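The values are calculated or read from the model by the stated rules, or taken from the named source; none is laboratory data. These numbers were taken from a predicted model, which means no experiment stands behind them. Virtual Cβ from ideal backbone geometry, glycine too; neighbours counted across all protein chains shown. Remember, those area values only see protein heavy atoms, side chains included, never the ligands or the DNA or RNA. Shrake-Rupley method; radii C 1.70, N 1.55, O 1.52, S 1.80 Å.
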Amino acid sequence: MAGNWKMYKTPNETCAFFDKFKPLVANSTHCEIVICPPFVDLPAARDACHGTHIQIGGQNLSWAKEGAYTGEISADMLKAVGSKWVIVAHSERRQYFAETDESANKKIVAALEGGLIPIYCVGERLHEREAAKTHQVLETQCLGGVANLTPEQFSRVVIAYEPVWAIGTGKVATPEIAADAHRCIREQIRKMFGPDAAASCRILYGGSVKPDNIRGLMAQPEIDGALVGGASLEAVSFASIVNF
């Protein structure tokens, strides 16, 4: 269960969140819990999570290891402040910052080389769904993002399916719609890396996940977890999702 805080919370607010959140998930060992706060909050999150099973991650990274790339963050920098995970190619990165499948691939490789676990985001926009192009979009994004990885590299990648039309809109894909997309993604993985890789790959659902819909989503065998946006900003809300 991963929480993406997007551009919310200061370091002080981060500490306040974990003060409330930690007791609520102290015995929640049935899943991995990951929170991806803004970069400036990572040290506070690391310190707050020390001694717990809560893990932290970045929301983005550079494909470069270092250099004259003003404003960028490398995998080594993320790891140095305690990150284990990193989100790659979130739909907002694609929409607002020109992220492409090609740049995402470079970032996935950089994350893996830096010892981070990438959560690679794929998903269709509303007009693509309405044009019955969901499977085509997912196939293109899967191929563009991970097809050139070795099987060993891919074994460390997590996929997140996020229908763009259901992010921040209050709309949510029905469990059946989400499961269909997950099956499509798993089939692409099978074609690229074989049946064992397809079976073992964790595919998360992200798209207006909330406490009142998480149980129905997680009842689908194809859905292995969730990438949670707004509902991860409040401790009780996110704990309810973790403990569904």
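Please report, in debye to the nearest 20, how large the charge dipole of the chain is about its Cα centre when each Lys and Arg carries +1 at its beta carbon and each Asp and Glu carries -1 there.
That gives a dipole near 160 debye.
Translational diffusion coefficient, Stokes-Einstein: compute it for the stretch 181-235 using the Kirkwood radius over C-alpha pairs as Rh, at 37 °C and 0.692 mPa s, and state it as an integer in µm² s⁻¹.
269 µm²/s
Summing +1 for each Lys or Arg and -1 for each Asp or Glu, what net charge is found among the other residues whose Cβ lies under 15 Å from the Cβ of residue 231?
Charge balance near residue 231 sits at +3.
Using amide H atoms built in the peptide plane, which far-off residues or other-chain residues are under 5 Å from residue 90 H to H?
121
For the chain, modelled as a Gaussian network with Cα springs under 10 Å, which listed residue fluctuates most, 126, 61, 138?
Looking only at 126, 61, 138, the biggest GNM fluctuation is shown by 126.
Could you tell me the accessible area of residue 18 in Å² (1.4 Å probe, neighbours in place), rounded to the nearest ten?
Accessible area, nearest 10 Å²: 0 Å².
Considering every Cα-Cα pair within the stretch 71-110, what fraction, in whole percent, is farther apart than 13 Å?
57 percent
Mind checking Rg over Rh on the stretch 126-244, alpha carbons, Kirkwood formula for Rh?
That ratio equals 0.98.
Taking a quarter of the surface of the convex hull around the Cα atoms of the stretch 25-107, what do you get in nm²?
Mean shadow area of the hull around the Cα atoms is 6.3 nm².
Filter the cross-link list 9/84; 6/191; 79/107; 6/107 down to pairs whose alpha-carbon distance in this structure exceeds 26 Å.
Long pairs (Cα-Cα over 26 Å): 6/191.
May I ask for log10 I(q)/I(0) of the chain at q = 0.10 Å⁻¹, from a Debye sum over the Cα atoms as equal point scatterers with solvent left out?
One equal scatterer on each Cα of the chain leads to -0.43.
Can you list residues from other chains, or at least 5 along the same chain, whose modelled amide H is less than 5 Å from the amide H of residue 202?
Long-range HN contacts for residue 202: 159.
Near the amide H of residue 3, under 5 Å away, which other amide H atoms are found, from residues 5 or more places off or on another chain, if H is placed in the peptide plane?
34, 35, 36, 228
Could you give me D for the stretch 77-142, from Stokes-Einstein at 20 °C and 1.002 mPa s, where the hydrodynamic radius is the Kirkwood radius over C-alpha pairs? Units µm² s⁻¹, please.
167 µm²/s
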